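Presented below is the structure to which this report refers.
Throughout, read-outs are computed from the coordinates displayed, never taken from laboratory work. Every value quoted in this text rests on a predicted model; they were computed, and no experiment measured them. Please note: Cβ atoms are built from the backbone with ideal geometry, for glycine as well, and neighbour counts cover all protein chains shown.
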Amino acid sequence: MDPLVAAACAARERAHAPFSRFKVGAAVEDADGRVYTGCNIENATYGLTVCAERVAVFKAVSEGARGFRRIAVVADTDRLTPPCGACRQILWEFCGDAEVVLANLQGKTETLRLRDLLPRPFDASLL
Ligand code: THU
């Protein structure tokens, strides 16, 4: 298995998802090959929930990592789970046109580019 997908699978086990029971794991790889993981963290207010992808990126950025090349997202679904709209925007900010590897627990995977998930993005080049 792709080690980035394996890291996202392991992170998924640590999801705090008592409300949706929908556990998600994510892992980002930086330019040096270092891997940072995240899981979704829900809250009783619901709206304060943070997705696995943003947890992974924010952890990585806060530790000084930059230049992400790939992100893996794992959920236990037949139809592979893509990042939500908010996460696509955050991923664009820090990862640019990175490879997005979607996977499930049965070993199904699909690799996309962020550009295809977020056409015509808003970013700092427009400010
Ligand atoms: N979720 C993620 O963590 N990442 C995604 O790509 C889709 C959705 C989480 C948010 C919430 O905790 C649960 O999955 C159901 O939406």
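Quick rundown of the values:
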{"item": "Only listed residue being surrounded by 16 or more Cβ atoms within 10 Å (Cβ to Cβ) and under 22 Å from Ala86 (Cβ atoms), chosen from Thr45, Thr37", "result": "Thr37"}
{"item": "Test: residue in the stretch 98-116 that is in a strand (DSSP E or B), surrounded by fewer than 15 Cβ atoms within 10 Å (Cβ to Cβ) and away from the ligand (no atom under 16 Å from the Cβ)", "result": "yes"}
{"item": "Strands (runs of 3 or more DSSP E) contained in the stretch 1-97 and holding at least 2 residues more than 27 Å from Ala124 (Cα to Cα) and either of a type outside the set (A, V, I, L, M) or within 12 Å of the ligand (Cβ to nearest atom) (or both)", "result": "24-29, 70-75"}
{"item": "Residue match in the stretch 74-82 (condition: under 16 Å from Leu4 (Cα atoms) and in contact (Cβ under 8 Å) with a residue 60 or more places away in the chain)", "result": "yes"}
{"item": "Condition broken by Phe122, with the remaining ones in (1) away from the ligand (no atom under 14 Å from the Cβ); (2) touching a Lys or Arg at 6+ places or on another chain (Cβ under 9 Å) satisfied", "result": "(2)"}
